[in-house]
Amino acid sequence: MPLAREPQRKVRVFHEYGAPWPRWESGTDEYQMQPSDYELSPELTDELRRWGDVFQTHFHYLDEWDSASTRQQYSDGMQGAVTRLRRELPPELAIQDEHTWCLDDPDH
């Protein structure tokens, strides 16, 4: 009989209104995680903060993105940040990239 494995920890990556960091880990006492929880590099921490500022400043739940160029910059920037996040986090953390939830409308 195979041994039961512990469920893999999952970190969801997406920005949300009023949340400064885009990392959400299920099964923890603190759902919205801080960079210090994962000992992220200062460079990646700064990058995630910048893209969070872009999201908070340029995306609105009713009007969506204020320009197509900002939407594209956010998409490209977050894609790169998620790639770097995967490199910095330990392999036992499954990264679920969900930053595209706010990119569904190509007209914005």
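What to note about this one:
- Paramagnetic label reach from ASP76 (point 7 Å along Cα→Cβ; backbone nitrogen cut-off under 13 Å): within region 32-62, no residues.
- 9 Å beta-carbon shell around ASP97, net charge (K/R +1, D/E -1): +1
- Inter-label distance for ASP46 and GLN32, nm, one decimal - labels placed 7 Å from Cα along Cα-to-Cβ: 2.4 nm
- Inter-probe distance in nm under a simple model that places probes 7 Å from Cα toward Cβ, at THR83 and THR100: 1.5 nm
- Projected-area average for region 10-100 over all orientations - Cα convex hull basis, square nanometres: 5.7 nm²
Laboratory data are not the source of any read-out in this text; all were calculated from the coordinates shown. From a predicted model like this one, the values you see are computed outputs, not experimental measurements. Using ideal geometry, Cβ is built from the backbone for each residue, glycine included, and neighbour counts are taken over all protein chains shown.
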